[in-house]
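Worksheet: one structure, shown below.
The values are calculated or read from the model by the stated rules, or taken from the named source; none is laboratory data. From a predicted model like this one, the values you see are computed outputs, not experimental measurements. Backbone-built Cβ (ideal geometry, glycine too); neighbour counts: all protein chains shown. Protein only, heavy atoms only, side chains kept; ligands, DNA and RNA dropped before computing areas. Shrake-Rupley method; radii C 1.70, N 1.55, O 1.52, S 1.80 Å.
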Amino acid sequence: MIRVLVVDDSVVIRRLVAQTLDRDPDITVVGTAADGRLALAKVEQLDPDVVTLDIEMPVMDGIETVRALRAAGRRMPVVMFSTLTERGASATLDALTAGATDYVTKPSGTGSVQTALERVGQELTPKIKALVPRAPGVPATRSARTGASVRRPVPARPVRAVVVGSSTGGPEALRTVLSSLTTPLPVPMLVVQHMPPVFTRQLAERLDRAGPTTVVEAAGGEVLRPGHAYLAPGGRHLELARQGADLTTLVTDGPPVNFTRPAVDVLFRSAVRTLGGDLLAVVLTGMGSDGREGAGEIARAGGHVLAQDEESSVVWGMPGAVTTAGHAHAVLPLDQVARAVVGAAEGAHA
């Protein structure tokens, strides 16, 4: 049974979130709190497996609470409740930097609070199960320690672009990779991070400040440039395309793939159509299996595929799916991914 502490300053939201989570037989809400200070005391008292935190609360807000939990050595997953606004996106990214594990967005425009919470439950329950995979019938995501390993010989083909996919834990994983680069890559990078609109623009701005790579939210039609990274906009697919002699971004509104838009598979498949196997694909932490099929196409075309290892992933869903399918040429701890990307990209341009 996964034990959850629900923290929100609204008594109505606390009650409805608790009721929503308690409907799942593998989850039980062991307590609630109205602000961060009370939450810290409840954590000491109840030792929950997961904490859900509203960002804006009196006395001690969500970001302060995350910092206090991590400073006290508490490592349980913390899922933030956010709003689909500029302020909510900024606060959520601050919370992730402070040590929050993931977030869910509060629906807007719904007919009732109950309907809104139903939608939250549809998003929150699977995340809790992925982050604490030890309830009955829930597959484990950390079944064995997975260190760096080589699955197959590294292709000798040139790398003309790096394509990256990530989800849960991805914002901080991307920041780690980009901040580890000491010089801009000699090739462009395209990135799909599962995130809603507004959030991706702010994430791009933060990643742009993280290292030497120029990071922008793709608008479509950008000519790809070395040392630049193009982040898929929330709610839209990002593809790699060709316009004359130029490689460009293409932003589309096609149907969701793997239940998400943007989707990693959409980017990876477009990259293969455009560049064949002259690619490096990187799959970082995330729920689900998005990227598995596209990574397979890249590998079969002769491209190079890297996956983050299980130990350093928040959720080893996406990289695990790529690895267990046999598509990864190397499975690496997060702190080794940047070096491998540089080696592949610069080796092709030596």
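The residue that is surrounded by the fewest Cβ atoms within 10 Å (Cβ to Cβ), counting only those in region 1-19 that are touching a strand residue (DSSP E or B) at 6+ places or on another chain (Cβ under 9 Å) and part of a helix (DSSP H, G or I), is 11. Each residue in region 286-320 was checked for being among the hydroxyl-bearing types (Ser, Thr, Tyr) and within 21 Å of residue 257 (Cβ to Cβ), and 1 of them qualify. Residues of region 272-316 being under 24 Å from residue 77 (Cα atoms), of a type in the set (Val, Ile, Thr) and touching a helix residue (DSSP H, G or I) at 6+ places or on another chain (Cβ under 7 Å), which ones? Residues satisfying the conditions are 283, 285, 315. Restricting region 82-105 to residues that are open to solvent by less than 10 Å² (accessible area, probe 1.4 Å) and over 14 Å from residue 169 (Cα atoms) leaves a set whose member that is modelled with the lowest pLDDT is 82.
Being outside any loop (DSSP other than H, G, I, E, B) and over 25 Å from residue 129 (Cβ atoms) holds for only one residue in 293, 297, and it is 297. Might you let me know whether region 194-202 holds any residue that is open to solvent by less than 20 Å² (accessible area, probe 1.4 Å), within 28 Å of residue 83 (Cβ to Cβ), not polar (S, T, N, Q) and not in a helix (DSSP H, G or I)? Within region 194-202, one or more residues are open to solvent by less than 20 Å² (accessible area, probe 1.4 Å), within 28 Å of residue 83 (Cβ to Cβ), not polar (S, T, N, Q) and not in a helix (DSSP H, G or I).
Among the residues of region 255-287, write down those that are among the small types (Gly, Ala, Ser) and in contact with a strand residue (DSSP E or B) (Cβ under 8 Å, 6 or more places away or on another chain).
Listed by number, the residues that qualify are 263, 270, 271, 281, 286.
For region 328-350: of the residues being assigned to a loop (DSSP other than H, G, I, E, B) and under 20 Å from the mean Cα position of the chain (by Cα), which is surrounded by the fewest Cβ atoms within 10 Å (Cβ to Cβ)? My answer is 333.
Taking strands (runs of 3 or more DSSP E) as the structural unit, those lying wholly within region 214-279 and holding at least 1 residues that are within 21 Å of the chain's Cα centre (by Cα) and more than 22 Å from residue 184 (Cβ to Cβ) correspond to 237-243, 246-252.
Before we move on, is residue 263 open to solvent by less than 30 Å² (accessible area, probe 1.4 Å) and touching a residue at least 60 places away in the same chain (Cβ under 8 Å)?
Values: open to solvent by less than 30 Å² (accessible area, probe 1.4 Å): yes; touching a residue at least 60 places away in the same chain (Cβ under 8 Å): yes.
Taking the combined requirement at face value, the residue satisfies it.
Restricting to region 58-67, give me the number of residues that are buried (at least 24 other Cβ atoms within 10 Å of the Cβ) and either among the hydrophobic types (A, V, I, L, M, F, W, C) or touching a Ser or Thr at 6+ places or on another chain (Cβ under 7 Å) (or both).
Summing the residues that are buried (at least 24 other Cβ atoms within 10 Å of the Cβ) and either among the hydrophobic types (A, V, I, L, M, F, W, C) or touching a Ser or Thr at 6+ places or on another chain (Cβ under 7 Å) (or both) in region 58-67 gives 1.
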